[in-house]
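Read-outs: derived from the displayed coordinates by stated rules, not from any lab. Nothing here was measured: the structure is a model prediction, and the numbers come from that model. Here Cβ is always computed from backbone atoms with ideal geometry, including for glycine, and neighbour counts include all displayed protein chains.
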Amino acid sequence: METLNIPPELERYWKDLDCGFKPVEPVFAECMREAMAVLSPQGVEEYISNARFLGKMGRGAEPILVFLEVAPNTAKILGEEAMHAIMACVKVLWKSPNGKAITPFLQSMHAVAERLRTAEQMQHYLDLVLDFTERTTGSVHGIHKTFPSPGLPDFFNQVPRLLSLLTIQGLRNWVEYGVRYYNNHPERQIDYFTLQSADSRAVLQRERQGTLLVDNERKLDMYMRGLWRDPEQLIPYSLAYDELRKPQPYFDKLGIRLPDAYDDFVPAVTVRSARDQRPAAVSVSGLNRYRACLAHIAAHRRWSKAVIADNFSPFQRIAIELLEDSRVEYLAMREYPGLRPIFMALHPEPEEDACDTEHESSIRHRLAMLSRAILDAQHSYQHPYIVEYANRFHELMRSGDASTAEMADMGVSFIAKTRLKSDQSAKIHFKNTEVDYRDDNRHLWQFIEQGDEEETFADQNNAQVEEAIEGLPPRLYPEWDYSNSTYRPDWVSVYERIHPHGNPADIDALLNKHAALAKRLKKLLDLLKPQDKVRIRYQEEGSELDLDVALRSLIDYKSGSSSPDPRINMSHRNDGRSIAVMLLVDLSESLNQKAAGCDQTILQLSQEALSILSWAIEKLGDPFAIAGFHSNTRHDVRYLHIKGYSEHWGDEVKSRLAAMEAGYSTRMGAAMRHAAHYLERQTADKKLLLVLTDGEPADVDSHDERMLIEDARMAVKELDQQGIFSYCINLDPKADEYVADIFGKQYTIIDNVAQLPEKLPQLFISLTK
Amino acid sequence: MTNKDQYKVAQEPFYQAQGGEVALYEAAYRARLPVMVKGPTGCGKSRFVEYMAWKLDKPLITVACNEDMTASDLVGRYLLDANGTRWLDGPLTVAARIGAICYLDEIVEARQDTTVVIHPLTDHRRTLPLDKKGELLAAHPDFQLVISYNPGYQSLMKDLKQSTKQRFTAFDFDYPTADVEADILSKETGMDKAISAKLVKIGAVARNLKGHGLDEGISTRLLVYAATLINGGVAPRAACRMALVRPITDDADIRDTLDHAIDATFAQ
Ligand SMILES: Nc1ncnc2c1ncn2[C@@H]1O[C@H](COP(=O)(O)OP(=O)(O)O)[C@@H](O)[C@H]1O
Ligand SMILES: [Mg+2]
C-alpha cells in the first residue's frame, strides 16, 4: 500500500484503518487532525475501528469517507458514547437489505445531531429509524425481508430539513403517517418520503413546531391596526419548500410578506464573565417575533422615505439601509419602549474580533456591530468608529425624528471612514450579522429610469458602475433539482466582475471589416425606425409647423377671436419601440474551438457578431446590456459585466469586448437568473434576454447531464413569469437534442457559425420588429 | 317647595374644555334651547354637563336612563300612604318646577314610548302635562333639558326617533386628543404626566380596534381608573390589565393584543 501522503505520526492509524479506497487517502490526515482535536484517545481508537468496519462493508468508499468527515463533530455534539448507538444502527441497516441507505444515513448524521443536541434525543431518533426500517423492509406482498425499504434512503435525504421544521415528536408523527398509509405502495411511499405528495406536506405542516402565521393572523392584524394604525394584508411565504430566494420579510403593494412560521427564539447559552452586568438574553415567543418584524416594517412605512439608489455604491447602500433600520427602530421604541428587549434579544451581537479583516470582507460585520451598538447602550465594542458613529446617531436622534436622507449621509461617511482593503474580498464575513426580523428594504430605493440620460450623465455613470460592481458580494441563487422537484436553495454563488479591458481599436477594426454588412443592416434599421416616430401636436415650439392647427388659428385670428391658439407647431418623439435587451454570452472553454469551415474560433466570431449587434442596437436606441458568463462548479459562477444599461456603446465597452476570453463551463440557469435581475429593473414594455451559446448547460460538479438542462428550463419559466422573454441563439449543430427542452420554441440554431456576424443582427431585427 | 340648593353643584368640578363647547353651551342656555351631547361612553359628557350647571349656578337633576324606565318614572306617580294616595313628582317634573337643568343620561337606553313625554318641554310650549294628576305644568324660566346619547351602539332598536332628535341642539363629543387626555388624567388623579401619556397610548390602541372586535374603545373613565389604581400602589401593567382590558373584552385575541400593547408601552 502506498502511504506517501500519510504523515509519520498518523501511520499507525492508517495501518489500522486498512483501507484501499483511493479517495480516502488524500483526506485522511485532515480528518484525523480534526478527530484528535475533539475526541479522547479512546474515542480516536473507536473512530478508526468504526471507519475500518465501514470500509470493509462492501458498499464502496462513500460510507467510510462520509463517516471520517462527520463523525468527530457528531461525537463532539452528542458525546462519544452516542457513537455506539449510531454504529449499532448502521449494523442493522447493513444486515438488512437496506445497505443503500447507509450513506444517506451517515450523511445526515451531523445535521441531525446539530438539531437534536443530546444523546438522548438521538436515541429517540435511532429508535424511530429502526422502527421505520423494520416496518417497511420487505413487506411487499408479504415476502419477508428481501426487499429494501423503498422510502428509507429518501427519508435520510430529507431528514435534516424535516428536523429543522419539526420536533422529534413531530417527525415521529410524520413518519408514522407515511409508514402506516403507504407500506404497500412502494412508489407512493417514495413520494411521501420525498415530500412530493400533497398529504406528506399537509402532515408536515400540521406537525410543525412554532407559531404559524395562519393561526395568528387575527392577532397580528389587530397588532398592526391597534398599535400602528396600519392595517395591511399579511401574506405568508414558506420557509420549508418552493422558495426561490432565501426568504426575508418584505412589503410591497400587495401586502406584507412574512414567514409562514416562527419558532420561539431561544438565546444561545453564552458564558459571560462575572463582571458583565448586562441582563441575560431573553427568549422571544414566535408571536412576538412576528410583532417585532411587523413593528420594524410599520416603522419603515411610517418614517422611511425612498432615496435615489443610483447615487450610491452597493456598500453605501448597505450602510444606509442599516442606519435607516436603526433609525426607524429607534422611533418605534420611542413609541413603544417594550420593543427594546425584543429587538435586543433578536439582534445579533457579533463579537468584535470574530472577523479576520486581513482576509475577509468585514463590511457586514462592521455594520452589524454598529447596529448593535446603536441599539444596546451597554455594548462592549471598542472600535473607535463604531463608538463614534453610535454616538453621532444618538445625538442626531435626540433632536427629533431625523430623516432617511440624514441616514444616507451618515452611511456614506461611515463607509468612507472605515474603508478597508479587504472590503473587496469575495469572502464576506456573514456569521452573526443577519438581523432576521428586518425586511429587505426594497422600499427604500428608487431607481432612476435609465437609458435616455444625457451623454455626460452616462459617462459619469460609467465610473460608478465599475466601482459598484468591483467586489460585490456573491449572489446566491437556487438551482432546480428535477429529480426531487425542489429548488436547492442558495445553491449557486454568482460573482459579478467587470470584464477586463483590452484595446477598443480592435473592435473598430472588426466593424470596419464588416462595413459592407453594416451598410446592409443600416437599411434594415432605417426601415424599423420611421415607424417609431410619434407626432406630438399642439406645441408652441416644435420642429415643424402643424398646418391643420395653424390654419385654424389663423381663421380664429382673422375672425377676431381674442385668443387664437399659439400652439401651432408639432414635434416628434422616438418612442414606438420599448424593448430592453440583455445579451448573455456563453464564455466557456468550448468557444476556443475553431468553427467548422473557417479558421476563426467561435469566440472570435462571437466577438464580431456582438460588436455588430451592439452597434445596431445602439442605432435603434433600445436600452441594452451585455454580459458574459462561465462557471467552475456551483461555488464559482462568474458573471462578467461588459455593458450596462446606463453605458453607451463607446470605447469603454469596446475595450471590454476586445478582451473577451473563453474558459471553464456553462452553468446557464444561474447566469440567466442573475441577468434577469438587471433586466427586471428596466421599465421597457418588452424585455428580451438573448442567450448566445455553443453548447448545452454543463458544469464539472454536475454529473447528471439533465440536471443543468432542467435547471435552465426552469430559469426560462421563472423569467417568463417576470415578463422576460428568453431566446437562445445556439451554435451547436447538435443542439436539437436539448435546446427545445430548455427554450421551447424560442431558439435558433446557427449551423454555419461563420455566418454568425451576419445572422445575429438580422435575427435580432426580425425578433423585435 | 323643594329646596333648590340641594341640587346645586357645590364645588367646581374639574373639566378640561376641548374647544368652544363652554361658550356654546352658555349661548344655548341663554335661549333655553334643549341640548343633546353625543359621544362614546366615558368621554366626559356627564362631567361637562355637571361643570356647566356649576358655571351657570343652576341646580342639576340627573336621570340615568334604563330599559325598565317608564314615563311615570320621569313625570311622577301617585303613591299609597296612610291617608290614601299622594302625588310624587318625578325628577323631570321637579326640574321643570324648580328651574333646574334636567340631564337624561344615556337616553336611548329608555324605551321610545317613554321618551315622547319630553316633547312638549322641548318646543315653544315648555310645558309638561301631568295627565294622571290633571295638571299642565309650565316650566320654570330657568329649566333646561339636556340629554346624552352614545351613537356608538346605535341599532335600529336603540336609536333616537328622528322627531326626538330634531328638538335638540347637539354637541359631538369624542375622546380627547392624546395630549389633552393625558392632561385630564394628570389633573384628575395627580398622576405623573409621563405615565398618563402611556395610559393614553394604550387607550388609543383599543380605540383603533373599534369595529374590529371591539364595540367600544377604552374610555377616559377607565383610564382614570387605571391611574387611580397605579396611584394606589398597583404595578402599572397589572393596573392596566385590570382597569383597561378585562372590563372591555372577553375576546382572547383582543386581550392578547392589548396585553402586548401594555407590555410594549410599559417596558420593564
Ligand atoms: N374633559 C374632561 N375633563 C375632565 N375630566 C374628564 C374629561 N373627560 C373625561 N373625563 C374623566 O372621565 C370620566 C368619565 O367621564 P364622564 O363624563 O362620566 O363620561 P360620559 O358621561 O361621557 O360617559 C370623568 O369622571 C373624568 O374623570
Ligand atoms: Mg428594514
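Numerical summary
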read-out	value
GNM result for chain B, Cα springs below 10 Å: residue of B:Pro59, B:Pro34, B:Pro141 fluctuating most strongly	B:Pro141
With Cα atoms, 0 to 90° folded angle of helix B:252-265 axis to chain B main axis	70
Partner aspartates and glutamates for A:Lys22 [C-alpha distance under 13 Å; skip if fewer than 8 residues away on the same chain]	A:Glu2, A:Glu62
Folded to 0 to 90 degrees: helix B:178-189 orientation relative to chain B principal axis, Cα	70
Degrees separating the helix B:45-56 axis from the principal Cα axis of chain B, which is the longest one	60
Helical mean residue ellipticity (222 nm; -39500 (n - 2.57) per DSSP H run of 4+; nearest 500) of chain A	-16000 deg cm²/dmol
Packing-based exposure ordering (other Cβ within 10 Å, fewest first) of A:His185, A:His379, A:His674	A:His185, A:His379, A:His674
Relative contact order of chain A, defined on C-alpha pairs under 8 angstrom at six or more residues apart (%)	8
Nearby aspartates and glutamates by direct alpha-carbon distance to A:Lys95 (threshold 16 angstrom, same-chain neighbours under 8 apart not counted)	A:Asp131, A:Glu134
Span from the region A:572-632 Cα centroid across to the region B:13-61 one, whole angstrom	82
Net charge, A:Arg634 excluded, C-beta distance under 11 Å - Lys, Arg +1, Asp, Glu -1	-4
Built amide H within the under 5 Å cut-off of B:Val37, gap 5+	B:Ile147, B:Ser148, B:Tyr149, B:Phe171
Cross-link partners of B:Lys45 among lysines (Cα-Cα below 27 Å; sequence separation of 8 or more within a chain)	B:Lys4, B:Lys8, B:Lys55, B:Lys58, B:Lys158, B:Lys161, B:Lys165, B:Lys187, B:Lys193, B:Lys198, B:Lys201, B:Lys210
Ranked B:Leu60, B:Leu209, criterion: other C-beta atoms within 10 Å, fewest first	B:Leu60, B:Leu209
Among beta bridges that DSSP assigns inside chain A, antiparallel share in %, nearest 5	45
DSSP-defined antiparallel bridges as percent of all bridges, chain B, nearest 5	35
Gap separating the Cα centres of region A:371-397 and region B:160-235, nearest whole Å	39
The protein assembly as shown: C-alpha gyration tensor shape, a/c 1.5 cut-off, then a/b vs b/c	oblate
Kyte-Doolittle at least 0.0, axis length at least 24 Å by Cα - qualifying DSSP helices, chain A	A:602-620
Region B:82-214: antiparallel DSSP beta bridges as a percent of all, rounded to 5	45
